[in-house]
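Step one of this worksheet: look at the structure below.
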Amino acid sequence: MSQKNLESEQFPSMSRLLVFVAFFISGFAALVYQLLWIRTFSDIIGSTSRATACIFSAYLLSLSFGSFLVGMLKLKPRSNLALYAFLEVFIGIFSILVTPRLMNDASFLTGLIIEAGNAGFWAIILADFGITFVIICLPVMAMGGTLPLLASSIPELSGDRNYTLFLYALNTIGAAAGAAISGFYLIKNFGCFNTLLIAMLCNIAAAVLALVVASRIDNNQSPPHVEPVVTDSAKHDVADQQLFFSDFLAFSSGFVVLATEIYWERAAKFFIGNRIQASALLLFSILMSLGIASVWVNLDFKRFPVRRSLAIIGKIAWLNSLFQPIAFIFAFELIKLHLAGEILYPLLLVGGVMTMFASLTTLGTFFPYLIITLRGLKNRTTASIGRALFFNTVGCSLGSLTASFIGTRFLGTTLSIAVLSCYLLVIAVICNRKAEVVQKMQLSSALVVIVAYMLISPQLAPFYLPESAAFLFKSEDEYGFHSIYESKGLTWAKTNNSFLVAPAGSPKTSWAQEIPTHWSMLLASNTDDILVIGNGYGITAGAFRLYDSPKSVEAIEIMPYMVENLDKFASSNFAYYQDKRFKTILNDGKSYVELSEQKWDIINLNPSDPVLEGSANFYTLSCLQNLKNHLKPGGIFTVLLWGNSASSIVKTMLQVFPDFLLFPVYANSYVMLCPHTPFPGWEENLKPERFSPAIIENFKKFGVEEPVQFFKDSSKVARAYFEEQKQLAQDPAVKTHTVDRPVIEYLHGGESLLYIFNSAMVNP
């Protein structure tokens, strides 16, 4: 019997197809878990950016350990498939048991992270990563072992395809599909828990398919090995190269790809924000580019034999050492045009997406070509595959951490790109060490581009400055690019492409942010202890300084640069930070309340647009209930909502606070006034004696001469809005916003109160 017939008999085409399907849906499930873990850990850690970096790093490091450990096993094909099936079932069961608990209550983990934060920046990063790694390492290690197991179960045919590489490509494309479908459809329509169930069913389906294939294999017969057709000298070269360079190249390919992805993510946030769909879209783009790269290399396998693969890797590294600086120059200039509102922006955006895709796709061929290089080794076992995956994923993990926390914090994105290009150039030179002419050509051309890039890099950071404006502050950290500037007598603060709030110095801004303070001081039974969450400029917290009764005011803000620059908004925030009664705390507001045993008379919530992922977490049913539990009897909870929110907020709020006021500030913002215990009458509960002459005088800047009467009249208007919204919230189509069903994150204006309020404005 010929070797080809032997292969066909032992592993028929249908069996190979079933294995391919199994690995595709396995990749699909893996990215569903990863996306849900990013959501979960962003809530625990308190920062979506840090959570994403930690998940990436812990995920990839766990994959590497799994690949390495399983790669050391030497099992027969049927046993490999049986173990693969067991690992798939384990992944599904573990995830469905652990993830929902983390979603619903993980305050004890948040407490550990906050404790670590007291020890400094590096301690909190270590705590973030350590907790993430410990929780997800077991299922992800199991995921890492699946490729070596399947690869060693399929004999590579003597034809024109590398089936190990094809498996890698299928798994990657399946993962891309999992990120996109779960982020844009499954979570929205079925909720997080049901999406987890779907992922678990995918794991079980993959296990069943593997067992079906295993039943068709003669376990006593090992898969035939097909030697690659290379010359003796080529064999010697490949072996030598693998001995000295394969581990380094595998590590480098992962490091560069993930570092590049982190920097492209930072650029992309200027256009797509920080919603769950943004994470899904970025993961989809990255994985699809890597999957397409793997498919391309697989199809190109015959044309580029083993002896040329290392030279190709060097060429890829060299081209990207040129391409990366040019691509990011283009990206940053595109961002500036976008911020300036240039008419050519849509066309340029398409160009920017294509640039990112081209960058990641070319880098994505790096590791597949390395796999082809390893084909030149005589002993191509499960261990060699596992070893390559181990170093590759370790590189991915460290690349993510280094770019997220070291590169952005100490070098900045623009300079980090130059360092990354130099690293790629070193790889190119090493891969072409025997071709001195090629080395010199690559070195000289790349150095010219990198030096030119570094000369102009100070002007590259995407800080847009309008005409006749001046920067007061600009910086970059793990959260993104921040700037504070003055323009036309107003002070603006931006993070990436988003204003934290409307400009300081504007009467409308002061009106909208002071109103929650005055409403709560008029309605609360006592005003001793006050908490402000989402402090921003400090206008809401500062307005409490006009009153003598508060004994303690705690202002929570997660953005370090806002805490450090409160003095730049002193004219609007009443320089409250000079008052000993006030304490500004750098922390995540949600976590701070969850871990606190204190209760407050007034809690004011003032985050950014609730449709954003981080802000939407405050409006879940469980979070609102927790906030109510931290109110003293007779206390007041106030919420200032900006941007496009929806009746789902009202429906969710009604389940916690059955009676409240909706006070429109202007067309796209309003204040919710929620008492701990419903009042018998709103107008009768006002306490006008708390309005001192200074406070009455303060209202004159808004054109309000009689503030007490104004609030009495406003309460009637606000009550009418409440009754209207209460009726709208009864619609079965309106869903409650929960951890499981984050419906607010999928709203983009169609149900916005912007349209409900229309032009009605109860403000000067």
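For every residue, the table says whether it meets (1) surrounded by 23 or more Cβ atoms within 10 Å (Cβ to Cβ); (2) in contact (Cβ under 8 Å) with a residue 60 or more places away in the chain; (3) farther than 24 Å from residue 479 by Cα.
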position	(1), (2), (3)
544	yes, no, yes
548	no, yes, yes
552	no, no, yes
556	yes, no, no
560	no, yes, no
580	no, no, yes
594	no, yes, no
617	yes, yes, no
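Which pairs do you get when a residue that is in the same structural domain as residue 515 (by TED's automatic domain parsing) and aromatic (Phe, Trp, Tyr), found in region 655-676, comes within reach of a residue that is at pLDDT below 90 and outside any strand (DSSP E or B), reach meaning Cβ atoms under 6 angstrom, with the pair 6+ apart or on two chains?
663/718; 666/761; 666/763
Are there any pairs with C-beta distances below 9 angstrom linking a residue in region 710-725 that is part of a helix (DSSP H, G or I) to a residue that is small (Gly, Ala, Ser) and surrounded by fewer than 20 Cβ atoms within 10 Å (Cβ to Cβ), with the two at least 6 apart or on different chains, and if so which?
Pairs that qualify, where the first residue is part of a helix (DSSP H, G or I) and the partner is small (Gly, Ala, Ser) and surrounded by fewer than 20 Cβ atoms within 10 Å (Cβ to Cβ), are 717/760; 721/760.
When region 618-633 is examined, which residues are found to be at pLDDT 90 or above and closer than 22 Å to residue 718 by Cα?
Scanning region 618-633 gives 624, 628.
Please tell me if residue 32 is crowded, with 22+ Cβ neighbours inside 10 Å and at pLDDT 85 or above.
Spelling it out, residue 32 is indeed crowded, with 22+ Cβ neighbours inside 10 Å and at pLDDT 85 or above.
Restricting region 593-617 to residues that are over 18 Å from residue 544 (Cβ atoms) and of a type in the set (Asp, Glu), which is modelled with the highest pLDDT?
Result: 597.
Tell me which of these residue 694 doesn't satisfy, since it passes every other one: (1) surrounded by 12 or more Cβ atoms within 10 Å (Cβ to Cβ); (2) farther than 24 Å from residue 630 by Cβ; (3) out of contact with any strand residue (DSSP E or B) (no Cβ under 8 Å at 6 or more places or on another chain).
Evaluating residue 694 over (1) surrounded by 12 or more Cβ atoms within 10 Å (Cβ to Cβ); (2) farther than 24 Å from residue 630 by Cβ; (3) out of contact with any strand residue (DSSP E or B) (no Cβ under 8 Å at 6 or more places or on another chain) leaves (1) as the failure.
Can you say whether residue 341 is under 27 Å from the mean Cα position of the chain (by Cα), surrounded by fewer than 17 Cβ atoms within 10 Å (Cβ to Cβ) and either at pLDDT 70 or above or not acidic (Asp, Glu) (or both), as far as the supplied structure shows?
Answer is yes for this residue.
Within region 397-415, work out how many residues are crowded, with 22+ Cβ neighbours inside 10 Å and more than 26 Å from residue 65 (Cβ to Cβ).
Number satisfying all stated conditions: 3.
The values are calculated or read from the model by the stated rules, or taken from the named source; none is laboratory data. Model, not experiment: these values are computed from the prediction. Cβ sites come from the backbone with ideal geometry, for glycine too, and all protein chains shown count toward neighbours.
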